[in-house]
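To start, the structure under review is shown below, and the notes come after it.
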Amino acid sequence: MELNELKRKMMSGELYQCDNEELMREQVERLDMLFEYNSLKPSEFEKKNALLKRMFCEFGEGSYIETPFHANWAGKNVKIGKKVYANFNLTLVDDGEIIIEDNVMIAPNVTVDTGTHPISPELREQVYQYNLPVVIKRNAWIGAGSIILPGVTIGENSVIGAGSVVNRDIPDNVVAVGVPCRVIRQITENDREFYNGGKRIEI
């Protein structure tokens, strides 16, 4: 199969074989960039920022990813908005498209996964894969240790509780938590007046 057709299938949700030599060679080149990023000192901010802009499809102003950072394609298929912050050990399985909009906060040890495989053992033996896009909308907060599975959209302003496994879409303006992740309540005006179980916001 031609490389361009293979890449088209990667973005379309169609089955493809992920062990193509040309594809793997390109992926290794991308992983070298990721290795370089993870090797930079925290104080080398300008170098890190310049490299992030090379690694990602789009990388917005004011965004930052702590190291270590892990990604199958070093961000090649990822669009990051403005003022996104990702804490330590973010893992992006970015074989397919990931869109993270402005002002998203991502806690430590979060995994965002677009890649998956057919249930058929015969197809898995032949290294078939397919990818489904993930979207995290503006101003969402993803709690520590959460796993976001292929095909999921997380709504604007929503909060995903620590340790959640998100296997379905989450609407705007809710708090959701659990395995599997479920909406437990709406974000309300009360949340603009109080925090941490009833303490009044005085800022």
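Throughout, read-outs are computed from the coordinates displayed, never taken from laboratory work. Predicted model, so just to flag it, every value in this text is computed and none were measured. Please note: Cβ atoms are built from the backbone with ideal geometry, for glycine as well, and neighbour counts cover all protein chains shown.
Is the shape of segment 34-140 rounded, prolate or oblate, going by the alpha carbon gyration tensor and its root eigenvalues a ≥ b ≥ c, with a/c under 1.5 for rounded and a/b larger than b/c for prolate?
Details: a/c = 2.31, a/b = 1.69, b/c = 1.36.
Cα axes put segment 34-140 in the prolate bin.
Among the lysines, select those whose C-alpha is under 20 Å from the C-alpha of K53, and discard any that sit fewer than 8 residues away in the same chain.
K53 reaches K41, K76, K79, K82, K83.
Note down the magnitude of the dipole of segment 3-200 about its Cα centre, charges +1 on Lys and Arg C-beta and -1 on Asp and Glu C-beta and zero elsewhere, to the nearest 20 debye. Mind dumping the intermediate values first?
Numbers: 23 positive and 28 negative charges, 143 e Å.
Its charge dipole is roughly 680 debye.
Quick one: dipole size for segment 42-103, taken about the Cα centre, charges +1 on Lys/Arg Cβ and -1 on Asp/Glu Cβ, in debye to the nearest 20.
On the way: 8 positive and 10 negative charges, 36 e Å.
It works out to roughly 180 debye.
Angle check, please: helix 45-55 long axis (alpha carbons) against the longest principal axis of the chain (alpha carbons), in degrees 0 to 90, nearest 10.
Approximately 50 degrees, to the nearest 10.
Ranking C57, C181 by Cβ neighbours within 10 Å, fewest first, what do you get?
Values: C57 15, C181 23.
Exposure proxy ranking, most exposed first: C57, C181.
Please name which of I154, G198, M24 has its Cα lying farthest along the dipole of segment 3-200 towards the positive end, using unit charges on Cβ (Lys, Arg +1; Asp, Glu -1) and the Cα centre as origin.
Most positive-ward Cα: G198.
Would you mind ranking K76, K41, K137 so that the residue whose beta carbon has the fewest other beta carbons within 10 Å leads the list?
On the way: K76 17, K41 9, K137 21.
Ascending number of Cβ neighbours within 10 Å: K41, K76, K137.
Indicate, rounded to the nearest 5 percent, the antiparallel portion of the DSSP beta bridges found entirely in the chain.
Working: 10 of 41 bridges.
Approximately 25 percent, going by the DSSP bridge assignments.
In which sequence would S120, S164 go, from the one with the fewest C-beta neighbours within 10 Å to the one with the most? Before the final figure, lay out the partial values.
On the way: S120 11, S164 24.
Fewest to most other Cβ atoms nearby, the residues stand as S120, S164.
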